[in-house]
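J.: Got a structure here, written out as structure tokens. Questions coming.
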Amino acid sequence: MVPWLGEEEAAAAAEAVRSGWVAQGPRVTEFERAFAAEVGAAHGVAVSSGTAALHLGLVALGIGAADEVVVPSLSFIATANAARYVGATPVFADVDPAIGNLTTATIEAALTSQTRAVILVHQGGVPADLDAIRALCEHHGLALLEDAACAAGARYRGRPVGVGAQVAAWSFHPRKLLTTGEGGMVTTDDAERAARMRRLREHGMNVSAAERHASAKPVLEAYLETGFNYRMTDIQAAVGLVQLRKLAATVAERRELAARYQRELAAIPGLISISDPEYGETNYQSFWVRLDDTFPVARDELLLRLSEAGVSARRGIMAAHLEPAYADVSTPSLPATEALSLNSLILPVFHGMTEAQQDRVVAVLKAAIHG
């Protein structure tokens, strides 16, 4: 992954620096409004990272000690960690082996009398089946936090993934299509929930620093509850506003690159490329392939061959339940998760990638079928 950053972002960041307002301020507010509108949400709350967005989302949903939260193991470890941050217990569920996302069936298999929430990941930018899973959570009275860290620009049944989310968490890490360096966002249609999250990101303060400075009279703030320092800077927001204007073009380019990979790799036996689910369009933040039992080369050996050819690929998405941090968690069999994590790899895809660069990747994969 190579972030698509250029002179326009540099100029926007410099302008923020020259303005004298570099902490959370007017550019953050503008970015919140613009991003929320882009993903079809009423409110956006900018924060310091996607992980902070997940944590804040669970706090806002009222999840805490003694609660269980169903999460996919097949996700970056921050997804499960967020449940622990609020004192809850993450309960790992399996995923659809074709797209790497939770399904109604895998969620139901993980429910207990203590379940209070589900964290639904749109893995690698592939949209999950939102209508079905939202209906399931509503039926069981469960809060639903959508981990949309990778999903900016992805679409579900013709509309942005963020439309209708109870709470959605987004990331602007450099590996994402839209980056602010570090940073994240929480979106929601609930005005009261958004207002509380804005307080919580700023130590629980009832009046933001920007509001205090804008007031003609002295303002004595109060701290209404224990909060956090999850603020985004105006420098980051300035970059984010430029990146947001590029998002549609970024997604279009990714989808073209993915389509070419899919065409070139289709004839390789034992190798299955990620593709759109029937109900939506992925943004192809990541392009991964999985190897079935007939593929003649093991995943790690294939990664080595790619590296030797000058190709920077990486292992597939991690399985959190196999990490030492979760060795104390009793987890049922998760066959799809383990197969995907152990037998998949992520191929390079980035702005400006040439056909020649793609051909180098494809050549290594084609050569591997000969053992």
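J.: Among the listed residues His140, His122, which satisfies the condition of being open to solvent by 10 Å² or more (accessible area, probe 1.4 Å), modelled with pLDDT of 95 or more, in contact with a strand residue (DSSP E or B) (Cβ under 8 Å, 6 or more places away or on another chain) and not charged (D, E, K, R)?
T.: After applying the criteria, what remains is His140.
Residue-by-condition table, conditions (1) touching a residue at least 40 places away in the same chain (Cβ under 8 Å); (2) touching a strand residue (DSSP E or B) at 6+ places or on another chain (Cβ under 8 Å); (3) part of a strand (DSSP E or B); (4) under 19 Å from Gln123 (Cβ atoms):
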position	(1), (2), (3), (4)
Ser275	no, no, no, yes
Glu278	no, no, no, yes
Gln285	yes, no, no, yes
Trp288	yes, yes, yes, yes
Thr294	no, no, no, no
Leu304	no, no, no, no
Ser307	no, no, no, no
Ser312	no, no, no, no
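J.: Which ones in the stretch 351-367 are closer than 22 Å to Trp4 by Cα and either in contact with a Leu (Cβ under 8 Å, 6 or more places away or on another chain) or buried (at least 17 other Cβ atoms within 10 Å of the Cβ) (or both)?
T.: Across the stretch 351-367, the qualifying residues are His351, Met353, Gln358, Val361.
J.: Go through the stretch 318-340 and give me each residue that's open to solvent by 50 Å² or more (accessible area, probe 1.4 Å), under 12 Å from Ser75 (Cα atoms) and aliphatic (A, V, I, L, M).
T.: Hit for the stretch 318-340 is Leu322, nothing else.
J.: Of the conditions (1) open to solvent by 40 Å² or more (accessible area, probe 1.4 Å); (2) over 25 Å from Ala194 (Cα atoms); (3) touching a residue at least 40 places away in the same chain (Cβ under 8 Å); (4) not in a loop (DSSP other than H, G, I, E, B), Thr29 satisfies every one except a single condition; which number is it?
T.: Only one criterion is unmet by Thr29, namely (2).
J.: Any residue at all in the stretch 204-220 that is over 28 Å from Met318 (Cα atoms) and under 26 Å from the mean Cα position of the chain (by Cα)?
T.: Within the stretch 204-220, one or more residues are over 28 Å from Met318 (Cα atoms) and under 26 Å from the mean Cα position of the chain (by Cα).
J.: Let me ask another. Here is a list: Leu145, Leu178. Which entry is part of a strand (DSSP E or B) and open to solvent by less than 60 Å² (accessible area, probe 1.4 Å)?
T.: Leu145
J.: Return the total of residues in the stretch 80-98 being of a type outside the set (A, V, I, L, M, F, W, C), part of a strand (DSSP E or B) and open to solvent by 10 Å² or more (accessible area, probe 1.4 Å).
T.: 1
J.: Looking only at the stretch 158-173, count every residue that is closer than 16 Å to Glu38 by Cα and open to solvent by 10 Å² or more (accessible area, probe 1.4 Å) and tell me the total.
T.: 6
J.: Kindly check whether there is at least one residue in the stretch 190-201 that is within 21 Å of Ile77 (Cα to Cα) and open to solvent by 10 Å² or more (accessible area, probe 1.4 Å).
T.: No.
Okay, residues lined up against (1) free of Cβ contacts under 8 Å to residues at least 60 places away in the same chain; (2) surrounded by fewer than 19 Cβ atoms within 10 Å (Cβ to Cβ); (3) of a type in the set (Val, Ile, Thr):
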site: Gly204; (1), (2), (3): yes, yes, no
site: Thr233; (1), (2), (3): no, no, yes
site: Arg255; (1), (2), (3): yes, yes, no
site: Glu281; (1), (2), (3): no, no, no
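J.: What number of residues within the stretch 311-363 satisfy the criterion of being among the acidic types (Asp, Glu) and within 23 Å of Glu256 (Cβ to Cβ)?
T.: Within the stretch 311-363, residues that are among the acidic types (Asp, Glu) and within 23 Å of Glu256 (Cβ to Cβ) number 2.
J.: Any residue that is without any contact (Cβ under 8 Å) to a residue 60 or more places away in the chain, under 21 Å from the mean Cα position of the chain (by Cα), open to solvent by 40 Å² or more (accessible area, probe 1.4 Å) and closer than 28 Å to Ser215 by Cα - is there at least one of those in the stretch 34-47?
T.: Checked the stretch 34-47: at least one residue is without any contact (Cβ under 8 Å) to a residue 60 or more places away in the chain, under 21 Å from the mean Cα position of the chain (by Cα), open to solvent by 40 Å² or more (accessible area, probe 1.4 Å) and closer than 28 Å to Ser215 by Cα.
J.: All but one of (1) open to solvent by 10 Å² or more (accessible area, probe 1.4 Å); (2) in a helix (DSSP H, G or I); (3) in contact with a Leu (Cβ under 8 Å, 6 or more places away or on another chain); (4) within 23 Å of Glu323 (Cα to Cα) hold for Leu54, so report the exception by its number.
T.: (1)
J.: I'd like to know if the stretch 335-351 contains one or more residues that are part of a loop (DSSP other than H, G, I, E, B), without any contact (Cβ under 8 Å) to a residue 60 or more places away in the chain and either of a type in the set (Lys, Arg) or over 27 Å from Lys246 (Cα atoms) (or both).
T.: No, every residue in the stretch 335-351 fails to be part of a loop (DSSP other than H, G, I, E, B), without any contact (Cβ under 8 Å) to a residue 60 or more places away in the chain and either of a type in the set (Lys, Arg) or over 27 Å from Lys246 (Cα atoms) (or both).
J.: Checking Ala132 against (1) in contact (Cβ under 8 Å) with a residue 40 or more places away in the chain; (2) open to solvent by 10 Å² or more (accessible area, probe 1.4 Å): exactly one of these is not met. Which one?
T.: (1)
The values are calculated or read from the model by the stated rules, or taken from the named source; none is laboratory data. It should be emphasised that the depicted structure is a prediction, and the values quoted were computed from it without experimental measurement. FYI the Cβ positions are ideal-geometry reconstructions off the backbone, even for glycines, and counts take in every protein chain you see. With ligands, DNA and RNA removed, areas are computed over all heavy atoms of the protein, side chains included. Shrake-Rupley method; radii C 1.70, N 1.55, O 1.52, S 1.80 Å.
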